[in-house]
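Written out below as structure tokens is the structure these notes cover.
Where a number appears in this text, it was derived from the coordinates with a stated rule and is not lab data. Since we're looking at a predicted model, the values are computed, not measured. Here the Cβ positions follow ideal geometry from the backbone for every residue, glycine too, while neighbour counts run over all protein chains shown.
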Amino acid sequence: MKFSVTVTLKKDVLDPQGKVVQNTLLDMGMHNLKSIRQGKFFEIEVQETDPKIGEKKVNEMCEKLLVNLIIEDYKINKI
Amino acid sequence: MKFSVTVTLKKDVLDPQGKVVQNTLLDMGMHNLKSIRQGKFFEIEVQETDPKIGEKKVNEMCEKLLVNLIIEDYKINKI
Amino acid sequence: MEIDEKIIEKHGLKQEEYNSILQLLKRKPNLLELGIFSAMWNEHCSYKSSRIHLKKLPTKGKMIIQGPGENAGVIDIGDNDAIVFKIESHNHPSYIEPYQGAATGVGGILRDVFTMGARPIALLNSIHFGDTSHPKTKNLLNGVVSGIGGYGNCIGIPTVAGETKFNETYNENILVNAMAVGHVNKNKIFYSKAKGLNKSVVYVGSKTGRDGIHGASMASAEFDENSEEKKPTVQVGDPFTEKLLLEACLELMKDDSIIAIQDMGAAGLTSSSVEMASKGSLGIELDLDKVPCREDNMTPYEMMLSESQERMLIILEDGKENHARKIFEKWDLDFVIIGKTNNTKNLTLKFKNKIEGEIPIEFLASKAPVYERKWVKKKPKEKRTDLKKLKKIKLEDALIKILSSPNYSNKSWITSQYDQMVMCDTIQKSGADAAIVRIHNKDKAIAVSVDSSANYCKSFPLIGGRQIVCENWRNLISVGASPIAITNCLNFGNPENKEIMGEFAECIQGIKEACEFLNYPVVSGNVSFYNGTNNKNIDPTPVIGGVGLISNISKPLNHRLKMEKSIILLIGKTFGHLQQSCFLKENYSIIEGLPPEVNLVNEKNNGEIILKLIKKNLVLSAHDVSSGGLLVALSEMAINSNFGIKILKPKKLRNLFEYFFGEDQGRYLIEVDESKVGLVNEILNENKIYYENIGNTQKNYLEIKNEFKINVKDLYKINNSWYNNY
Amino acid sequence: MKSSVIVFPGSNCDRDIASALEKMQFKNQMVWHKETSLPKSDLIVIPGGFSYGDYLRSGAIAGKSLIIDEVIKFANSGCLVLGICNGFQILTETGLLKGTLLRNKNLKFINRDVNIKVVNNKTKFTSKYNLNQILKINIAHNEGNYFTDPNHLNILEKENLIALKYCNENGEVDEQSNPNGSLKNIAGIFNSKKNILGMMPHPERMVDQLVSNTDGVNLFNSLLN
Ligand SMILES: Nc1ncnc2c1ncn2[C@@H]1O[C@H](COP(=O)(O)OP(=O)(O)O)[C@@H](O)[C@H]1O
Ligand SMILES: [Mg+2]
């Protein structure tokens, strides 16, 4: 069973990476870019048959390791 | 108009980060973890009304800057 | 919003303090003004509990250009070269988010140094973690070390020295102190005192976001169980922007465009504008509509209290605006004139064409509260551990136990994560008593070291205070540097507790005595109170950062043995003081009694003679004997060199363990070429210095005759395994 | 011999390489990334550091800068280009060198002196070294883990395009002496014409006995030839 997790910085947290990438894209002439924020992505496969339990496991991984809850938000999707 | 882009390492490329994360999770007792791969995630807002053109723009950003095509694959989604 | 008790309390202000505000203003403050008072009057900015004690410290000297009171201290090292340095704490943020907390700590202290016109040339850190078995320790260690490295490596300034300690007293409150050292031409130093009317006040650097709002108040409040919810105040460091800011500032500083400059540290825009105006007895009016903001709809309150990083405030000479703007634009940084100086002596804040706040500057600066908090003297207790009653161990096993313990293990797991060589002037990296950094393109260098001894300070703060200054001085001397001045970071518990305040007062007294006696003044520093959780305070942990000068660096010195058959001399007397020793702690978990006595006269004499011997080229290697005692120091000289030592036990020996593990102060080990021993003895005798010839170097083995013989390679492994297995 | 060092925002070994070049008697100039033409040079150096903070991928953003087009033209005309550390990463991002540099295997920044071996000394960059000579050179990077596809790796080996390999004190190229997980312990590679060298170790840090050693000197001496 596979899940994807996207991790993004919380709204008011500075995103130095996104800022630099945005400036570069604008410099490269991509003028209709309004904003870009950078985050992390995980593809996680767990040995589980019940999607609910699977998601719970993935959630535990996020909280315990993958996500820095102080500055990041995350979303889990079954894929 | 907003798009999300997920960037992952190609299958045959070593993913040192994913490997370390995987080992750590296993060490932490998450035994039903089968595999984990880490990638990047972008949230991109473009000033565009036509979703096709929007996606084309985002695709251009990926090819020109965001993705290293030698080692990475990517996927664009409208959100 | 009506200001009620709850809001006052939320701002960390006591009711009496709020009453003083009412008295000063003769009216109620609005929320913006209250926020500004709270930021300026909290411990972090006002030094209200520490000020009267700090005043005692010696701050002047022949080589001192600038003592405390500016962004950093400045010393003169000759030929128009000056060194700028300071240490600062980032304890609370680092406990909450170790990577970003430590990273922004490094960023902040760097700004203090380059604000003064200096190019940073070295970074140091003193980091203290809880017990290694505590569930949080490993994560915090990892995060802090990679945060320090992440920032320093990216901006390209070598991290050259530090100290790392583990002790359960820091379980819930780690310490992260960062020190930066810079080099500047003596005639091109920049200060923060505003001068002149109607001068442009310029904002440069990153945009202002909502981060760290009330960070300064957070650093001044004790943690409780809910503190992990204070999360959104965490700031994210952006070393890349700081690098641009550094280069842009230094470029602008090449001419005389700048009247005054101040970085936005704690309490950001508020403290920087107040400080500059206050020093110049001027007023400042800011137009907050002009402040570059990262988020939409930011309020004046948020703008004034934001602690977004990588920002500076500059007061420019007339007509220099365009010249300065071009430089900052070249480096892709914001440059906005946000205000003017005036003669009102007020801080005036305008937003949307309305005055949103107006406070006389002196209320925020010189009229800020100063407390003479109650304090009590510690009654230190002598307690000699009866060694006969302890389980017997072998000398060799005791040594191995110490060398393999977290506190005494080799730190290369940490230091290899720091770029120590960038800038190509690091002559001695981490791993020696002090690091040596050359002044670019010259043949002189500075030596730097940071030191603390929390357990000594806990058991007898006065002696502990003296001891850390002396240990720091000894570390500089051991690499052949003449100590010049120190900076200090005073990490203590809750100052409202009279025992804690007593620890503080007495440590300062001790620091003062040692600094005065050694002519080793204090040029900068930082106080961090409220280190503790749920009424449990950390052990008092003052940290000393020292800088010394090596005027000719053709032959750098360190503690690594250089050849076979040379003689090892122990300078200074060994009494065998084991109370508070690492021997008892690591082997028996006994922490009791007094710290070793600090005899300032011997300390000074011994140090000066060692320097003299070094300058006469009579010393092959040198090492101070500190925590761990003689045998640990000898092992450190052998580990990492290709030689061992054969030690002859003194004939009259009361107790083997006291002799080899006693932590008596003022001692050094030196390696001397056999052919020069006569001359060295002569000089030592002439100067009435106590010394012992304790053995000679040999191949491969550390050996005490009739006791043990260990291969140095094995010692190396013992000393290098802990971190890699943690 | 004239050299130019390209300076990006965030470069931080630019002064170090400039000092080394000058010490070795190169006539050196610094070139700001916004320039659109290169001064006349025999050698272009892309220095180490964290161009643009290395925020997207190391070297990625510098690889899109204005001056890079000029560097590419210069390189394609057969002139000498040296990329050190971040410079190597930038060169792979531009495609002047193939492959890429992934994060270090242990996910940590690594700064220490390592042994590397000169694998090909018949080039303009390495002629003053002996074949298989072992050098001790400082590394300082987060992403030095060289990776390329099997096809290209084959070419690198067959055409002798590997410049340097991590090894132990005795010159043995083994897993243990590989600090970052690089394929085949690769520390530096050439392009097929051998006028471009990208390397992770920092030769500019090894030209002063007082600071380190002088194992980097012969790289510059080779170039002077
Ligand atoms: N966090 C750190 N960062 C950099 N260097 C460190 C750090 N911790 C320890 N070191 C280095 O490890 C060596 C040993 O430290 P320490 O035992 O405190 O030395 P000393 O007793 O001589 O003061 C010193 O060279 C010191 O600079
Ligand atoms: Mg020492």
Original post:
What is the list of residues in the stretch C:655-693 whose amide nitrogen lies under 11 Å from a point 7 angstrom out from the Cα of C:Asp386, following Cα to Cβ?
Top reply: none
**OP:** Return the sequence-ordered ³J(HN,Hα) values of the stretch C:547-558 in whole Hz as given by the Karplus equation 6.51 cos²θ - 1.76 cosθ + 1.60 applied to θ = phi - 60°, using x for Gly and Pro.
**Re:** 10, x, 10, 10, 7, 9, 9, 5, 10, x, 10, 9
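Within a 10 angstrom radius of each residue's Cβ in B:15-21, how many Cβ atoms of other chains show up on average? Whole number is fine.
Numbers: counts 2, 11, 6, 3, 3, 5, 6.
That works out to 5 on average.
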Subject >> Chain B, rotation onto A, residue closest to that axis via Cβ, with its distance in Å >> reply: B:Phe41, 2
Original post:
Helix C:31-41 versus the longest principal axis of chain C: what angle, 0 to 90°, nearest 10, using Cα atoms?
Top reply: 30 degrees
Subject >> Nearby lysines by direct alpha-carbon distance to C:Lys378 (threshold 25 angstrom, same-chain neighbours under 8 apart not counted) >> reply: C:Lys48, C:Lys55, C:Lys56, C:Lys165, C:Lys458, C:Lys498, C:Lys512, C:Lys536, C:Lys585
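Restricting the count to DSSP beta bridges whose residues both fall in the stretch C:273-407, what percent are antiparallel, rounded to a multiple of 5?
Values: 10 of 14 bridges.
DSSP beta bridges in the stretch C:273-407 are roughly 70 percent antiparallel.
Restricting to DSSP H runs of at least four residues, report the calculated mean residue ellipticity at 222 nm for chain A, -39500 (n - 2.57) per run over all residues, nearest 500 deg cm²/dmol.
Working: 2 runs with 23 residues, N = 79.
Theoretical 222 nm ellipticity from helices: -9000 deg cm²/dmol.
Length gain on complete extension for the stretch C:Thr132 to C:Lys62, per 0.36 nm per residue less the alpha carbon to alpha carbon distance?
Working: separation 70, 0.36 × 70 = 25.20 nm, distance 4.43 nm.
Separation in residues times 0.36 nm, less the Cα-Cα distance, equals 20.8 nm.
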**OP:** Compute the distance in nm between two label points, each set 7 Å from the Cα along the Cα-to-Cβ direction, one at A:Ser35 and one at C:Leu648.
**Re:** 7.8 nm
Subject >> Inter-copy separations for A:Lys52, label at 7 Å along Cα-Cβ, nm, ascending >> reply: 4.4
**OP:** Could you pull out which residues in the stretch D:70-109 have an amide N less than 20 Å from a spot 7 Å beyond the Cα of D:Asn151, following the Cα-Cβ vector?
**Re:** D:92-101
Subject >> Cβ-placed point charges (K, R +1; D, E -1), dipole of the protein assembly as shown about Cα centre in debye, nearest 20 >> reply: 1740 debye
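Explain nothing, just the number: dipole magnitude of chain C about its Cα centre with +1 on each Lys and Arg Cβ and -1 on each Asp and Glu Cβ, in debye rounded to the nearest 20.
Result for chain C is approximately 2060 debye, rounded to the nearest 20.
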**OP:** Would you pull out the residues with amide H under 5 Å of D:Tyr146's amide H, same chain only if 5 or more places away, H placed 1.01 Å from N?
**Re:** D:Leu102, D:Ser182, D:Leu183
**OP:** Could you let me know the centre-to-centre spacing of the stretch C:464-501 and the stretch A:14-78, using Cα atoms, in angstrom?
**Re:** 45 Å
Subject >> Integer Hz, Karplus 6.51/-1.76/1.60 couplings in order for the stretch C:409-415, x for Gly and Pro >> reply: 6, 4, 9, 5, 4, 6, 6
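Fewest Cβ neighbours within 10 Å first, please rank C:Glu603, C:Glu503, C:Glu692 accordingly.
Listed from fewest to most nearby Cβ atoms, that is C:Glu692, C:Glu603, C:Glu503.
By how many nm would the segment from C:Lys10 to C:Lys616 grow when fully extended, if each residue of separation counts as 0.36 nm and the alpha-carbon distance is taken off? Walk me through the intermediate numbers first.
Numbers: separation 606, 0.36 × 606 = 218.16 nm, distance 6.16 nm.
Full extension of this stretch gives 212.0 nm more.
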Original post:
Considering the dipole of the stretch D:2-224 built from charges on the beta carbon (Lys and Arg +1, Asp and Glu -1) around the Cα centre, which of D:Ser37, D:Ala20, D:Asn86 is farthest to its positive end?
Top reply: D:Ser37
Original post:
Which listed residue (C:Leu31, C:Leu123, C:Leu282) has the Cα farthest towards the positive end of the charge dipole for the protein assembly as shown, taking +1 on Lys and Arg C-beta and -1 on Asp and Glu C-beta about the Cα centre?
Top reply: C:Leu123
Original post:
In degrees, nearest 10, range 0 to 90: what is the angle between the Cα axis of helix B:16-27 and the longest Cα principal axis of chain B?
Top reply: 50 degrees
Subject >> Label-to-label distance, nm, for residues given as A:Leu65 and C:Lys330 (7 Å Cα→Cβ offset) >> reply: 4.8 nm
**OP:** Work out the mean other chain Cβ neighbour count within 10 Å for the residues of D:205-218 and drop it here as an integer.
**Re:** 3
Subject >> Tail fraction, Cα-Cα pairs, the stretch D:2-224, threshold 24 Å, whole percent >> reply: 35 percent
Subject >> For B:Asp27, inter-copy label distances in nm, listed shortest first [label point 7 Å out on the Cα-Cβ vector] >> reply: 3.9
Subject >> Estimated 222 nm signal from helices in chain C, with DSSP H stretches of n ≥ 4 weighted -39500 (n - 2.57), rounded to 500 >> reply: -10000 deg cm²/dmol
Subject >> Approximate spin-label separation A:Lys52-C:Ile683, in nm, with each point projected 7 Å along Cα-to-Cβ >> reply: 8.1 nm
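Per-residue Cβ counts within 10 Å, from other chains only, averaged over B:58-64: what number is that? List each step's numbers first, then the result.
On the way: counts 3, 0, 4, 7, 0, 0, 6.
If you average over the peptide's residues, the count of other-chain Cβ atoms is 3.
Quote the charge dipole size of the stretch B:2-78 about the Cα centre in Debye, to the nearest 20; the model charges only the Cβ of Lys and Arg (+1) and of Asp and Glu (-1). Each step should come with its number before you reach the end.
Details: 13 positive and 12 negative charges, 35 e Å.
That gives a dipole near 160 debye.
For each pair in B:Lys11/B:Lys34; C:Lys207/C:Lys326; C:Lys381/C:Lys401; C:Lys699/D:Lys136; A:Lys52/B:Lys34, compute the distance between the two Cα atoms and list the pairs where it is over 21 Å. Don't skip to the end; give the middle numbers.
Numbers: B:Lys11/B:Lys34 15 Å; C:Lys207/C:Lys326 18 Å; C:Lys381/C:Lys401 27 Å; C:Lys699/D:Lys136 24 Å; A:Lys52/B:Lys34 17 Å.
The pairs that break the limit, which is 21 Å between Cα atoms, are C:Lys381/C:Lys401; C:Lys699/D:Lys136.
What FRET efficiency comes out for D:Asn132 versus C:Lys394 if R0 is 56 angstrom and r is the Cβ-Cβ distance? Round to the nearest 0.05.
Working: r = 47 Å, r/R0 = 0.84.
It comes to 0.75.
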Original post:
Non-local amide H neighbours of A:Ser35 (under 5 Å, H modeled in plane, Pro and chain starts lacking H): which ones?
Top reply: B:Glu45
**OP:** Just name one of C:Gln66, C:Ile718, C:Val84: the one whose Cα is farthest towards the positive end of the charge dipole of the protein assembly as shown (beta-carbon charges, Lys/Arg +1, Asp/Glu -1).
**Re:** C:Ile718
Subject >> With Cα atoms, 0 to 90° folded angle of helix C:268-279 axis to chain C main axis >> reply: 90 degrees
Subject >> Sequence-distant residues sharing a close amide H with C:Asn342 (under 5 Å, placed H) >> reply: C:Asn198, C:Gly283, C:Ile284, C:Glu285
Original post:
D:Glu172 to D:Asn225: extension gain in nm, 0.36 nm per residue of separation minus the Cα-Cα distance?
Top reply: 16.1 nm
